[in-house]
Amino acid sequence: MIKLTSDTFARPADLSDRTDPAVLYARSYLLIRTVVGLLGIALPFVLVGVDALFLQGSVVLRDSLSAYYFTGARDLFVGALCIIGCLLMTYLAAQPHTLDFWLSLVAGTALLAVALFPTRRPSVDPGPLTPLQRALGEDAVAAVHFVGAGVFILGLAALCFVFAHRDAKYGAGAARVRLHRTCGVLIVAAVGWALLGFWLPLDLGWVTSLYLAEVVSTWSFGLSWLVKGYDLRAVLRLGARRP
């Protein structure tokens, strides 16, 4: 039985040497962290912006990020989730003994389910059922969507705590440790807020509790991953100064 660990391989101190396979591997997973972080932070903004292009009146927020599946931003929503999901599934694929790999693999697989199995149609102007909803039933498809979303979000929260543990173990700095832990706590709290919102009136004006929880979770995991890929900036600066 393979024993999982929170440690990854020892990263080379100098990441500017592109002839070293270890450097190339480190640069690849730093790039994945950076791209995933940027996509997570940008996604809510982009969905609202693209949706606004197809609206005749003022810009409105949907009930959830998943509801953008039924707007003009559908292709972008599904595409972005599939990109993030595939990146998560391949993250640290060469180190299957790590918690990072298995947590990101599970989270990425769950996110693909979120992208491919839509939530329920909006009550106002619902539109036709998708072929998958007609085949399996709208409620069954929505159930897969919600389970996938829960597994994805909790998997990312667990990764935030793994990041914090490893940074604390190897002295990455108290500020970075606190940031990752805070992101993990915010994600867990957001899940709790969303669940409470099904029974209590927690909407903030026209911002639903579910939408707020999803945005907080998305930004938290995006920030955590972006910080974990921060060393890539130094690599790019070194590369720019090389003759």
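Every number in this text was worked out from the coordinates using simple rules, so none of it is lab data. These figures come from a predicted structure and were not determined experimentally. Counting neighbours? That spans all protein chains shown, and the Cβs are built from the backbone with ideal geometry, glycine included.
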Alpha carbon centroid spacing (whole Å) that separates the range 148-218 from the range 42-98: 18 Å
Report the Cα-based extents of the chain along its three principal axes, largest first, to the nearest Å. 57, 44, 36
Excluding exposed DSSP-loop chymotrypsin sites (Phe, Trp or Tyr not before Pro) (at most 15 other C-beta within 10 Å), longest clean stretch of the chain: 55-169
Can you put K228, K169 in order, fewest other beta carbons within 10 Å first? K169, K228
Give, in nm to one decimal, the length gained when the segment between L24 and W102 is fully stretched (0.36 nm per residue of separation minus the Cα-Cα distance). 25.9 nm
Dipole of the chain, positive direction: furthest Cα of V215, P126, A93, with charges on the beta-carbon: A93
Taking only complete DSSP H runs, can you tell me which helices of the chain stretch 30 Å or more along their own long axis by Cα positions and average at least -1.0 on the Kyte-Doolittle scale? 21-53, 138-169, 174-196
Before rounding to the nearest 500, sum -39500 (n - 2.57) across all DSSP H runs of length at least 4 in the chain and divide by the residue total; then give [θ] at 222 nm in deg cm²/dmol. -22500 deg cm²/dmol
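In percent, how large is the relative contact order of the range 101-243, given Cα pairs closer than 8 Å and 6 or more residues apart?
20 percent
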Sparse-neighbourhood loop hits (trypsin sites (Lys or Arg not before Pro), the range 1-85; DSSP loop; Cβ within 10 Å at most 16 others) -> K3, R18
Along principal axes, Cα extents of the range 173-229, largest first, whole Å: 40, 15, 13
Residues whose placed amide H lies under 5 Å from that of T98, excluding near-sequence neighbours: T5
Compute the distance in nm between two label points, each set 7 Å from the Cα along the Cα-to-Cβ direction, one at A10 and one at V147. 4.4 nm
Can you give me the relative contact order of the chain as a percent, contacts being Cα pairs under 8 Å and 6 or more apart? 26 percent
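Taking a ≥ b ≥ c as the square roots of the Cα gyration tensor eigenvalues, with a/c under 1.5 meaning rounded and otherwise prolate when a/b beats b/c, else oblate, which class fits the range 1-52? Don't jump to the answer; show the numbers that get you there.
Values: a/c = 4.41, a/b = 1.82, b/c = 2.43.
Oblate is the answer for the range 1-52, as a/c is 1.5 or above yet b/c matches or exceeds a/b.
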Suppose R0 equals 22 Å; then what is the FRET efficiency for A42 and R74 from their Cβ-Cβ distance, rounded to the nearest 0.05? 0.80
Quickly work out the L204-to-A172 label distance, labels modelled 7 Å from Cα along the C-beta direction, and quote it in nm with one decimal. 2.8 nm
Under the classification rounded if a/c is under 1.5, otherwise prolate if a/b is larger than b/c and oblate if not, where does the range 24-159 fall, given a ≥ b ≥ c as square roots of the Cα gyration tensor eigenvalues? oblate
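Subtracting the Cα-Cα distance from 0.36 nm times the residue separation, let me have the gained length for A140 to V59 in nm, one decimal. List each step's numbers first, then the result.
Details: separation 81, 0.36 × 81 = 29.16 nm, distance 3.10 nm.
Using 0.36 nm per residue and subtracting the Cα-Cα distance, I get 26.1 nm.
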From the square roots a ≥ b ≥ c of the eigenvalues of the alpha-carbon gyration tensor of the range 97-219, which class results: rounded (a/c under 1.5), prolate (a/b over b/c), or oblate? oblate
